[in-house]
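The values are calculated or read from the model by the stated rules, or taken from the named source; none is laboratory data. Just so we're clear, the structure is a prediction, and the values are computed from it rather than from any experiment. Here the Cβ positions follow ideal geometry from the backbone for every residue, glycine too, while neighbour counts run over all protein chains shown. Calculation scope for accessible area: heavy atoms of the full protein, side chains included, ligands and nucleic acids excluded. Shrake-Rupley method; radii C 1.70, N 1.55, O 1.52, S 1.80 Å.
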Amino acid sequence: MHDFNELVQRSTAFSLSALNEAQQRIVDQLQRSAATTFVKTLQMVQLQKAISAVGMFSMFDAILQDQFQCRDGFKKAGKILENQGKMLLKEQFSDLQLAVNVLKHGKGRSYENLVKKAATLPFRVKLPDEDFFDEGDVSEISTLVEVDDKFVLLCAEVIHEVSVEVQRNV
């Protein structure tokens, strides 16, 4: 495997930094004008964070499939983590896979599984009776998983850790 485990963390930090700089500029401009274009730009920043999370997991899956010559790279990585006794990491990885599935597909089995354990997750899931994560936040986009910097960084960190553990098995 190439240095995806390093690249994913560096590219995530770079992307978040650039997005947060853009977001701060727009927030400053919103102090002078509530133009729709500024609100849409804030939403675009949030959307880009969700795209980053989905993209890094999709690319990692492709890398694992190629490395192991299998159809389900995540399943193979999960088995490796289990064999190495890395159960907490396996659970974190699984929870993030579910979250990314929810970002890609919306409500379904992955969403139902996340809702059941929402209180114990290190990220927020919009519960069935909730319409917003933060009502009044004009930057919020319609997702069932809140994709903030903490979530995106967690995705990159867990992918890095899983990658390191998988490399030990090769």
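Please work out the average accessible area per residue across segment 20-170, using the 1.4 Å probe convention, and give it in Å². Please list the in-between numbers first.
Details: 8650 Å² over 151 residues.
That works out to 57 Å² per residue.
Students often check this: by mean Cβ neighbours within 10 Å, which of 53-66, 116-129, 72-85, 24-37 ranks highest, and how do the rest follow? The partial results should precede the final answer.
Numbers: 53-66: 18.0, 116-129: 13.3, 72-85: 16.3, 24-37: 11.4.
Order by mean packing, descending: 53-66, 72-85, 116-129, 24-37.
Per 0.36 nm of contour for each residue apart, how much would the distance between ARG109 and ASN169 grow if the chain were fully extended, relative to their Cα-Cα spacing?
Working: separation 60, 0.36 × 60 = 21.60 nm, distance 3.05 nm.
Gain in length upon complete extension: 18.5 nm.
Kindly express, to the nearest 10 degrees and within the range 0 to 90, the angle between helix 4-30's C-alpha long axis and the longest C-alpha principal axis of the chain.
10
Ignoring ligands, DNA and RNA, what percent of the accessible area of segment 106-170 is carbon or sulfur (1.4 Å)? Walk me through the intermediate numbers first.
On the way: 1780 of 3710 Å².
C and S fraction of accessible area: 48 percent.
Given Cα pairs under 8 Å that are at least 6 residues apart, what percent is the relative contact order of segment 1-130? Write down the numbers at each step before the final one.
Numbers: 61 pairs, mean separation 20.1, N = 130.
It rounds to 15 percent for segment 1-130.
With θ set to phi - 60°, apply the Karplus curve 6.51 cos²θ - 1.76 cosθ + 1.60 along segment 106-114 and write out the HN-Hα couplings as whole Hz, x wherever there is a Gly or Pro.
Computed from phi, the couplings for segment 106-114 are x, 5, x, 4, 4, 4, 4, 5, 5 Hz.
Towards the positive end of the charge dipole of the chain, with charges on Cβ (+1 Lys, Arg; -1 Asp, Glu), say which of VAL145, SER94, LEU19 has the farthest Cα.
About the Cα centre, the residue reaching furthest to the positive side is SER94.
Can you compute 3J(HN,Hα) from phi for each residue in segment 38-54, using the Karplus curve 6.51 cos²θ - 1.76 cosθ + 1.60 with θ = phi - 60°, rounded to whole Hz and x for Gly and Pro?
Taking θ as phi minus 60°, the curve returns 5, 5, 5, 5, 4, 5, 4, 4, 5, 4, 5, 5, 5, 4, 4, 5, 4 Hz for segment 38-54.
Treating the angle as unsigned and between 0 and 90°, give the value, to the nearest 10°, between the Cα long axis of helix 87-105 and the longest Cα principal axis of the chain.
50
Return the long-range amide H neighbours of ARG124 (sequence gap of 5 or more, or a different chain), with a cut-off of under 5 Å between placed amide H atoms.
GLU146
Using just the helices of the chain, give the 222 nm mean residue ellipticity in deg cm²/dmol: DSSP H runs with n ≥ 4 each add -39,500 (n - 2.57), and the total is spread over all residues, rounded to 500. Could you put the intermediate results ahead of the total?
Numbers: 6 runs with 119 residues, N = 170.
Computed mean residue ellipticity for the chain: -24000 deg cm²/dmol.
Treating only the Cβ atoms of Lys and Arg (+1) and Asp and Glu (-1) as charged, compute the dipole magnitude of the chain about its Cα centre; round to the nearest 20 debye. Before the final figure, lay out each step's value.
On the way: 20 positive and 24 negative charges, 95 e Å.
Using Cβ point charges on Lys, Arg, Asp and Glu, the chain gives about 460 debye.
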